[in-house]
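S.K.: Got a structure for you, written out below as structure tokens; questions coming shortly.
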Amino acid sequence: MKTPLMNILNEILTMDSSDINKIIEAVKLRRDQLHFQNTKSFKSGDRVQFTSSRTGKILTGKVDRVKIKYVVVDCDNGQRWNIPGGMLKLISQTVKEIA
């Protein structure tokens with residue numbers, strides 16, 4: 001493990017409940033920022049894949065709608081999922097034709 005990460009983990013072990021709650025909030029905020037950044041990289045029509053949280057299977061589909069932090073995916077199996085941008089992997093992008 002990296003030395004700075006080990007230092008952070010060691011510090012967490014010495015914290016009280018209040019400090020741990022502050023760390024948890026900071027992690028949640030950072031996770032939200034990353035989902036927002038990742039979500040902006042997708043466009044309607046893109047082909048994506050993700051791992052189902054229910055079954056653990058890899059599902060593929062087409063981006064229907066991009067929200068602020070989530071992406072609505074129409075899966076090939078007929079299901080419709082609302083997925084955080086950070087959980088999606090781009091398979092192929094939609095290419096708009098210039099007419």
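Every number in this text was worked out from the coordinates using simple rules, so none of it is lab data. Note that the structure is a prediction, hence the values are computed from the model and not measured. Ideal geometry is used to build each Cβ from the backbone, glycine not excepted, and the neighbour counts take in all protein chains shown.
S.K.: Those residues that are exposed (fewer than 12 other Cβ atoms within 10 Å of the Cβ) and aliphatic (A, V, I, L, M), I need them from the range 21-32; list them, please. Write out each step before concluding.
M.R.: So in the range 21-32, the residues exposed (fewer than 12 other Cβ atoms within 10 Å of the Cβ) come out as 21-22, 24-30.
Of everything in the range 21-32, those that are exposed (fewer than 12 other Cβ atoms within 10 Å of the Cβ) and aliphatic (A, V, I, L, M) turn out to be 24, 26, 27, 29.
S.K.: Oh, and also: Of (1) in a loop (DSSP other than H, G, I, E, B); (2) surrounded by 11 or more Cβ atoms within 10 Å (Cβ to Cβ); (3) in contact with a helix residue (DSSP H, G or I) (Cβ under 9 Å, 6 or more places away or on another chain), residue 35 satisfies all except one. Which?
M.R.: Against the list (1) in a loop (DSSP other than H, G, I, E, B); (2) surrounded by 11 or more Cβ atoms within 10 Å (Cβ to Cβ); (3) in contact with a helix residue (DSSP H, G or I) (Cβ under 9 Å, 6 or more places away or on another chain), residue 35 comes up short only on (1).
S.K.: Could you look through the range 1-32, keep only residues that are charged (D, E, K, R) and assigned to a helix (DSSP H, G or I), and pick out the one that is nearest to residue 69 (Cα to Cα)?
M.R.: Our first condition is that a residue be charged (D, E, K, R); within the range 1-32, this holds for 2, 11, 16, 19, 22, 25, 28, 30-32.
Within this subset, residues satisfying the condition of being assigned to a helix (DSSP H, G or I) are 11, 19, 22, 25, 28, 30-32.
Numbers: 11: 31, 19: 27, 22: 22, 25: 17, 28: 13, 30: 12, 31: 10, 32: 7 Å.
Looking at residues that are charged (D, E, K, R) and assigned to a helix (DSSP H, G or I), I get 32.
S.K.: Does the range 76-93 hold any residues that are in contact with a Ser or Thr (Cβ under 7 Å, 6 or more places away or on another chain) and over 21 Å from residue 31 (Cβ atoms), and which are they?
M.R.: Initially, the range 76-93 is screened for residues in contact with a Ser or Thr (Cβ under 7 Å, 6 or more places away or on another chain), giving 76, 85, 91.
Result: 76, 91.
S.K.: Hey, does the range 73-95 have a residue that's out of contact with any Pro (no Cβ under 9 Å at 6 or more places or on another chain), over 30 Å from residue 9 (Cβ atoms) and part of a helix (DSSP H, G or I)?
M.R.: Initial filter on the range 73-95 (out of contact with any Pro (no Cβ under 9 Å at 6 or more places or on another chain)): 73-95.
Applying the additional criterion that residues be over 30 Å from residue 9 (Cβ atoms) yields 73-82, 90-95.
Subset that is part of a helix (DSSP H, G or I): none.
There is no residue in the range 73-95 that is out of contact with any Pro (no Cβ under 9 Å at 6 or more places or on another chain), over 30 Å from residue 9 (Cβ atoms) and part of a helix (DSSP H, G or I).
S.K.: Which one of these does residue 58 not meet: (1) surrounded by 12 or more Cβ atoms within 10 Å (Cβ to Cβ); (2) in contact with a Phe, Trp or Tyr (Cβ under 9 Å, 6 or more places away or on another chain); (3) not polar (S, T, N, Q)?
M.R.: Residue 58 satisfies all of (1) surrounded by 12 or more Cβ atoms within 10 Å (Cβ to Cβ); (2) in contact with a Phe, Trp or Tyr (Cβ under 9 Å, 6 or more places away or on another chain); (3) not polar (S, T, N, Q) except (1).
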